[in-house]
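A quick write-up on the structure given underneath.
The values are calculated or read from the model by the stated rules, or taken from the named source; none is laboratory data. Predicted model, so just to flag it, every value in this text is computed and none were measured. Using ideal geometry, Cβ is built from the backbone for each residue, glycine included, and neighbour counts are taken over all protein chains shown.
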């Protein structure tokens with residue numbers, strides 16, 4: 001069915017499955033399991049082929065904090081307006097960002113070791 005034909009029949013309305021079937025907007029009636037079975041068959045996959053659900057649940061600390069604030073970080077990185085996040089939460093998210101980006105075993109900074117620390121007093125000024 002061409003988009004123009006769908007628009008002529010649907011006219012921007014929301015139809016029940018039975019109404020959409022009567023109007024030729026859908027081929028078959030069925031639930032999610034029937035749709036998954038049909039998709040597997042059309043894709044040439046086995047009837048028990050595994051599926052994944054997207055987007056995956058965000059179980060990170062940032063995801064939890066945003067969920068508590070009534071927001072979501074999934075699928076919105078490019079269009080996620082910072083103005084929607086309370087300033088205190090945004091500051092916390094900025095501070096925690098490196099811990100979400102880098103692996104726990106990866107060092108975030110390196111410093112050259114040049115000898116024993118003097119703790120504020122130059123070694124030349126220390127008493128013998």
task = Just one of (1) assigned to a loop (DSSP other than H, G, I, E, B); (2) modelled with pLDDT of 70 or more trips up residue 128, so point out which.
result = (2)
task = Name the helices (runs of 4 or more DSSP H) wholly inside the range 4-81 in which the number of residues that are out of contact with any helix residue (DSSP H, G or I) (no Cβ under 8 Å at 6 or more places or on another chain), at pLDDT below 90 and within 30 Å of residue 100 (Cα to Cα) is 1 or more.
result = 61-68
key: the range 11-28: number of residues that are under 31 Å from the mean Cα position of the chain (by Cα) and loosely packed, with under 12 Cβ neighbours inside 10 Å   = 4
